[in-house]
Amino acid sequence: MLLAIDTSAGTAVAVVALDGRVLAERSTDDTRRHAEVIGPFLDAVLHAPGVSSAALTGVVTGIGPGPYTGLRVGIAAARAVAFARGIPLLPVPSHDAVALALVEGGIAAGRFSVVTDARRREVAVTTYSAALPLPTVVAPAHLVARLAWTPEEGVVAHEVVEIPAVPLAHVALARLAAGLPFAAPQPLYLRAPDVTLSSPKRVS
């Protein structure tokens, strides 16, 4: 079974069997309490009926795009569980989870974009071509000014406020089944940090 964690928007945690069945899940769309809820959510899903933490075979972590504060909480938690259990960390772009859910649900076809709030009057956009077992990325995640962005002709935009953990696990399962590589374990901030290193002052 896989443990899936995403904190790129709200906080979502799930345990999914290797056949795709959902064994336990918890989520909130609160975008400011990641650190407060991640612990209780993990405790709840890992102690749910039918779940054995000793049976975990991997930890899926959503790597964004998303704000720094939220993303680091989920990725750190995923790293900690994977390290403690001695199991693989499986990084997945968070938009991929939404894209797969849209295609599997028959909501998206052809070319479409997943859009999430990036704050500072910007949105994060990834464009896909609908396909199974996994949608194909046409344009990787990038930031666009909210008021200036419009989808290309023939592309349907799907703006979402939550990134669910269950389809995140399904993306990982599809990649494992197809022998596809996973993303680098680096968060997709898409924006330079506000704090930068300054040049050292000369001591005279």
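A compact table of results
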read-out: Sites excluded, GluC sites (Glu not before Pro) in DSSP loops with at most 13 other C-beta within 10 Å, longest stretch of the chain; value: 1-151
read-out: Ordering of 178-186, 80-88, 124-132 by packing [mean C-beta count within 10 Å, highest first]; value: 124-132, 80-88, 178-186
read-out: At R0 = 22 Å, FRET efficiency that the Cβ-Cβ distance of T28 and Y68 yields, to 0.05; value: 0.70
read-out: Percent carbon-and-sulfur accessible area, the chain, ignoring ligands, DNA and RNA, probe 1.4 Å; value: 57
read-out: Residues in the range 124-149 that a label on A177 would reach, taking backbone N under 15 Å of a point 7 Å out along Cα→Cβ; value: 131-135
read-out: Lys, Arg +1 and Asp, Glu -1 on Cβ, resulting dipole of the chain about Cα centre, debye, nearest 20; value: 800
read-out: F83-L132 FRET efficiency (beta carbon distance; Förster radius 25 Å; 0.05 resolution); value: 0.15
read-out: The range 93-129: trypsin sites (Lys or Arg not before Pro) in DSSP coil with no more than 14 other Cβ atoms inside 10 Å; value: R120, R121
read-out: Accessible area (Å², per residue) of the chain, counting only protein heavy atoms and a probe of 1.4 Å; value: 53
read-out: Positive-end residue, the range 103-159 charge dipole about Cα centroid, Cβ charges, pick of S129, T150, A108; value: T150
read-out: Gaussian network model of the chain, springs between alpha carbon atoms under 10 Å - residue of A165, A44, A101 with greatest fluctuation; value: A44
read-out: HN-Hα J in Hz across the range 175-185 - Karplus 6.51, -1.76, 1.60, θ = phi - 60°, x for Gly and Pro; value: 5, 5, 5, 8, x, 8, x, 9, 5, 5, x
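The values are calculated or read from the model by the stated rules, or taken from the named source; none is laboratory data. Just so it is clear, the structure is predicted and the values come from calculations on it, not from any experiment. Heads up, the Cβs are rebuilt from the backbone with ideal geometry, glycines too, and the neighbour counts pull from every protein chain shown. Side chains are part of the model used for accessible areas, which takes the heavy atoms of the whole protein and leaves out ligands, DNA and RNA. Shrake-Rupley method; radii C 1.70, N 1.55, O 1.52, S 1.80 Å.
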